[in-house]
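In what follows, a structure is listed as structure tokens, so that the remarks can point back to it.
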Amino acid sequence: MKNIKPIEITVGALFVCLMAIGANIAVWFPFLAIPIGGTSVPLSLQTFFSILAGLMLGKRLGSLAMITYVLVGICGIPVFAGMEAGPMQLITPTGGFLLSFIIVAFISGWITEGSNPSIPRFVIASLVGLTLNYLIGVTFMYFAMNMWLNLEISYQIAWIGMIPFFIKDIALSCLAAVFTVRIANRIPLKWKTVKA
């Protein structure tokens, strides 16, 4: 991408770090992993941070930060859940969630770009991002479990198993929206207008 400023690289890198921290909460607190269909899915803050990236950085920089996060993990740096890394992580049951973070940041940023920060608009953007995150992630998890992991699970059970995560992420999505609106007048949210 052309014309990426130092401040944009800095805030993008910050969100890559936040994603790595958010992915590994269950490493330090193992009780935050929930068993689903013969495997366990760790509770994380990745959805929160990917939505926050879109809201705060906009569609371009937010999605670029998520692409960087995924590429860093694919290259072998252990930033994915459970301190995992490598391209094979994209075909695990949670691989769809990893890829969806790029879309989540883009859509959340797209909905809010060019508008005055308001809680209703930012909540809608957050919830749309969250919905896409789960549609992509749960569908991918269902196919991964049934097709190449040979774990027989119905699509309905896959969704039921994600209810605790979904409830947590609804609350965090609304928190991301309120947080972003509250700080919108204190820090620049449109990084392209910041002088580096």
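Every number here is computed from the coordinates shown, using simple stated rules; none is lab data. Treat the numbers as computed from the prediction; the structure is a model and nothing was measured. As a convention, Cβ positions derive from the backbone with ideal geometry for all residues, glycine included, and neighbour counts pool all protein chains shown.
Are any of the residues in region 108-120 touching a helix residue (DSSP H, G or I) at 6+ places or on another chain (Cβ under 6 Å), farther than 20 Å from GLY54 by Cα and in contact (Cβ under 8 Å) with a residue 12 or more places away in the chain?
no
One residue is enough: does region 140-158 have a residue meeting the conditions under 21 Å from GLY12 (Cβ atoms) and crowded, with 21+ Cβ neighbours inside 10 Å?
No - not one qualifying residue is present in region 140-158.
Looking at GLY82, GLY95, GLY137 in this structure, which one is touching a helix residue (DSSP H, G or I) at 6+ places or on another chain (Cβ under 9 Å) and either crowded, with 22+ Cβ neighbours inside 10 Å or hydroxyl-bearing (Ser, Thr, Tyr) (or both)?
GLY137
Tell me the residue from LEU45, LEU55 that is under 30 Å from ILE163 (Cβ atoms), in contact (Cβ under 8 Å) with a residue 60 or more places away in the chain, surrounded by fewer than 21 Cβ atoms within 10 Å (Cβ to Cβ) and not small (Gly, Ala, Ser), please.
One residue alone meets the criteria, LEU45.
In region 63-100, which residues are among the polar types (S, T, N, Q) and closer than 29 Å to ILE111 by Cα?
Selection gives SER63, THR68, THR94, SER100.
Would you check which residues across region 109-122 are assigned to a helix (DSSP H, G or I) and either more than 18 Å from the chain's Cα centre (by Cα) or within 17 Å of LEU45 (Cα to Cα) (or both) and list them?
Across region 109-122, the qualifying residues are ILE119, PRO120, ARG121.
Of all residues in region 52-108, which are outside any helix (DSSP H, G or I) and within 14 Å of the chain's Cα centre (by Cα)?
Once the filter is applied, which keeps residues that are outside any helix (DSSP H, G or I) and within 14 Å of the chain's Cα centre (by Cα), region 52-108 yields VAL79, PHE80, THR94.
Quick check, is ILE157 assigned to a helix (DSSP H, G or I) and either more than 14 Å from the chain's Cα centre (by Cα) or without any contact (Cβ under 8 Å) to a residue 24 or more places away in the chain (or both)?
Here the answer is yes, as ILE157 does meet what is asked.
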